[in-house]
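Q: Take a look at the following structure, please.
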Amino acid sequence: MAGGGNGSVSVEERLVRLYEQAESETAKAFERMASMESFGRLLALGAENAAALARIGADLADLVLRNLRIASRGDVVRLARQLHRAEDKLERVLQEVEALRDELLERDRALADRRDARSPGMARPAASSGRRGARAPSLDAGSPPAAR
């Protein structure tokens, strides 16, 4: 479809020229618009609105999580620290209980040894309450220490 020798322009060339002309006019219109003071104000307002919408969205997400009572990462970390402290305290209490149990065993053995040393000729009955090798009495959790 090339144009003949009579100076006619092909359709493709006309489309290219029209496209370039539209592009040029659009660029000029955008340059005029961007050079206006009102364009800067509109751009600033648009940026403020976008930031406000982002903040509203974050606050909304926070409220939804709070109202659903879903634990946040900070809550989980705080609970983990409390649990660790409680485990440490329980470990110290267990060590103290074991130390006291060992003291009771030693004291009972010493008392049994003294009894044996005082009466070497007397034989103990088989069902005696000798504490040698026996475990310490269990501690009742419900009774106060003075009552044990």
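Q: Give the stretch 93-146 a look and list any residue that's touching a Lys or Arg at 6+ places or on another chain (Cβ under 6 Å) and modelled with pLDDT of 55 or more, or say none.
A: Asp108, Ala112
Q: Tell me, yes or no, whether the stretch 57-69 has at least one residue that is in a helix (DSSP H, G or I), surrounded by fewer than 10 Cβ atoms within 10 Å (Cβ to Cβ) and at pLDDT below 95. Can you show your working first?
A: From the stretch 57-69, those in a helix (DSSP H, G or I) are 57-68; that's our starting set.
Narrowing further to those that are surrounded by fewer than 10 Cβ atoms within 10 Å (Cβ to Cβ): 67-68.
In the following step, the residues that additionally are at pLDDT below 95 were identified as 67-68.
Yes: one or more hits.
Q: Now for a different question. Residue check: is Arg41 of a type in the set (D, E, K, R) and at pLDDT 95 or above? Steps first, answer last, please.
A: Values: of a type in the set (D, E, K, R): yes; at pLDDT 95 or above: no.
It is false that Arg41 is of a type in the set (D, E, K, R) and at pLDDT 95 or above.
Q: With respect to Leu90, determine if the residue is modelled with pLDDT of 55 or more, surrounded by 11 or more Cβ atoms within 10 Å (Cβ to Cβ), assigned to a helix (DSSP H, G or I) and not acidic (Asp, Glu). Break it down into steps so the answer makes sense when it comes.
A: Details: modelled with pLDDT of 55 or more: yes; surrounded by 11 or more Cβ atoms within 10 Å (Cβ to Cβ): no; assigned to a helix (DSSP H, G or I): yes; not acidic (Asp, Glu): yes.
Spelling it out, it is not the case that Leu90 is modelled with pLDDT of 55 or more, surrounded by 11 or more Cβ atoms within 10 Å (Cβ to Cβ), assigned to a helix (DSSP H, G or I) and not acidic (Asp, Glu).
The values are calculated or read from the model by the stated rules, or taken from the named source; none is laboratory data. Just so we're clear, the structure is a prediction, and the values are computed from it rather than from any experiment. Quick reminder, even Gly has a Cβ in these numbers, built from the backbone with ideal geometry, and neighbours come from all protein chains shown.
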